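Here's the structure, in structure tokens; my notes come after.
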Amino acid sequence: MAVLVSVKGDKAEDWMPHFESALPGETHIWDSHDGDVSLLPDVDYAMVWGPQASLFKRIANVKAIFSLGAGVDHILNAGTVPAHLPVVRYVGDDLTARMGEYVAMQCLMHLRQHSLMDAQQKAGIWQQQPQPAANEVRVGIMGLGVMGAHSAGVLKAIGFQVAGWSRSAKHIDGVKIFAGMENLDAFLAGTDILVCLLPHTPDTFHLINTIFLKKLARNGVLGGPILINAGRGKCQIDAEILEALTDGTLKAASLDVFETEPLPAPSPFWSLPNCFITPHAAAWSDRSAVVAYAANQIKSHRAGLPLLNVVDRQRGY
Ligand code: NDP
Ligand code: OXD
């Protein structure tokens, strides 16, 4: 029995001590992403982020794959993960709380005109501005799963009007619910700040485009619609977001994710004054927390218990 750890862009020393303390006395193998094709028949579980396509052939006896994050597109899109293999996504209070912080922070930065305050400070200008209240602003959250439902609660507590859109209908106290493509336009028409917390699937690919953005409310107190995307970059068309931020279709945006990551150095996004950019860091998976999560599931699965938070391969999330 052995556990394989494969985290694109990270170093063994960042991860292996966590595995050694969570699963002591076991063999832990670090995958260096160096094109090695040697077979690893003893590996029975693996934790991965951005695996190489060749990996799944090397670990033919693996019983489950754990995603380092909540999203699993980086695994499913590697193209070679066998259909029968359980893929487990990460669900953890720490990750969820971090996303709630990011969403609240970005909504408040737009509500409290932080770009303008920053520009005024840099220019040495002491000038108060009119201040809309949170309860005058309608925030619409796309995706009411673990991240979206928690973020809705945080925004409600601050005082925003909150609506949510997901594939299936939900009940969340104080949140106006919309479900399915047939209700998307009505949801967008009542949204001043749109927060995307959707996974990347064939159904959500390039959903946020020019036609979509033109359906957002234009009568809100913030003076134009705002987009916050902390779901996946592939849910948007970058070039069309850029155009919308330039031609006034969008007043502003906060983008944590892009179609191409890292965001290339020559990208015009970097210098847009009405766009807050973060480097796919809205909710970071704390290493000891995510390793403890996987280790607990590995122990219980070896003891015959079912895995939790297994991805529905048909839906893609
Ligand atoms: P969940 O699986 O718990 O929730 C996904 C939500 O999206 C569900 O409400 C689901 O609807 C909805 N959804 C999926 N497809 C559609 C569709 N076609 N139409 C409408 N709604 C849809 O995931 P999490 O909340 O845990 O995470 C969401 C995503 O956030 C992750 O997949 C990842 O991409 C991203 N993420 C980004 C991070 C970052 O740092 N930027 C960190 C963590 C996550 P239903 O409830 O009806 O199934
Ligand atoms: C995740 C992420 O999916 O960090 O958890 O993007």
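The values are calculated or read from the model by the stated rules, or taken from the named source; none is laboratory data. This structure is a prediction, so every number in the text was calculated from the model and none was measured. Neighbour counts run over all protein chains shown; Cβ positions are idealised from the backbone, glycine included.
State whether the residues of the range 194-205 include one that is closer than 25 Å to residue 102 by Cβ, part of a loop (DSSP other than H, G, I, E, B) and more than 9 Å from ligand 1 (Cβ to nearest atom). Yes: the range 194-205 contains one or more residues that are closer than 25 Å to residue 102 by Cβ, part of a loop (DSSP other than H, G, I, E, B) and more than 9 Å from ligand 1 (Cβ to nearest atom). One residue stands out in the range 70-99 among those that are away from ligand 2 (no atom under 14 Å from the Cβ) and over 11 Å from residue 311 (Cβ atoms): the one that is nearest to the chain's Cα centre (by Cα), namely 78. When the range 44-87 is filtered for residues that are among the β-branched types (Val, Ile, Thr), touching a residue at least 40 places away in the same chain (Cβ under 8 Å) and either closer than 16 Å to residue 314 by Cβ or more than 16 Å from ligand 1 (Cβ to nearest atom) (or both), the ones remaining, listed by number, are 59, 62, 72, 87. Considering only residues in the range 130-141 that are part of a loop (DSSP other than H, G, I, E, B) and within 20 Å of residue 253 (Cβ to Cβ), the one that is nearest to the chain's Cα centre (by Cα) turns out to be 137.
Only residues that are in contact with a helix residue (DSSP H, G or I) (Cβ under 6 Å, 6 or more places away or on another chain) and under 23 Å from residue 148 (Cβ atoms) were counted in the range 241-251, giving 2. The residues listed here are 237, 228; of these, the one that is under 21 Å from the mean Cα position of the chain (by Cα), of a type in the set (A, V, I, L, M, F, W, C) and within 16 Å of ligand 2 (Cβ to nearest atom) is 228.
Is at least one residue of the range 294-307 β-branched (Val, Ile, Thr) and assigned to a strand (DSSP E or B)? Scanning the range 294-307, I find no residue that is β-branched (Val, Ile, Thr) and assigned to a strand (DSSP E or B), so the answer is no. In the condition set (1) touching a residue at least 12 places away in the same chain (Cβ under 8 Å); (2) more than 16 Å from ligand 1 (Cβ to nearest atom); (3) small (Gly, Ala, Ser); (4) not in a helix (DSSP H, G or I), residue 115 is compliant with all but (4). Residue-level check: of (1) more than 30 Å from residue 274 (Cα to Cα); (2) of a type in the set (A, V, I, L, M); (3) surrounded by 13 or more Cβ atoms within 10 Å (Cβ to Cβ), residue 39 misses just (3).
Scanning the range 179-192 turns up no residue that is in contact with a helix residue (DSSP H, G or I) (Cβ under 8 Å, 6 or more places away or on another chain) and not in a helix (DSSP H, G or I). Does residue 93 fit the bill of being more than 16 Å from ligand 1 (Cβ to nearest atom), within 28 Å of residue 230 (Cα to Cα), loosely packed, with under 15 Cβ neighbours inside 10 Å and modelled with pLDDT of 95 or more? No; evaluated as a whole, the condition is false for this residue.
Closer than 29 Å to residue 69 by Cβ, more than 16 Å from ligand 2 (Cβ to nearest atom) and of a type in the set (Asp, Glu): is that true of residue 185 in this structure? Criteria not met by residue 185. I'd like to know if the range 239-259 contains one or more residues that are within 16 Å of ligand 1 (Cβ to nearest atom) and of a type in the set (Lys, Arg). No; the residues of the range 239-259 include none that is within 16 Å of ligand 1 (Cβ to nearest atom) and of a type in the set (Lys, Arg).
Within the range 277-291, restricting attention to residues that are more than 16 Å from the chain's Cα centre (by Cα) and more than 13 Å from ligand 2 (Cβ to nearest atom), the residue that is surrounded by the fewest Cβ atoms within 10 Å (Cβ to Cβ) is 288.
The residues of the range 104-144 that are surrounded by 19 or more Cβ atoms within 10 Å (Cβ to Cβ) and in contact with a Pro (Cβ under 8 Å, 6 or more places away or on another chain), listed by number, are 111, 143. Across the range 273-316, the number of residues qualifying as touching a strand residue (DSSP E or B) at 6+ places or on another chain (Cβ under 8 Å) and aliphatic (A, V, I, L, M) comes to 9.
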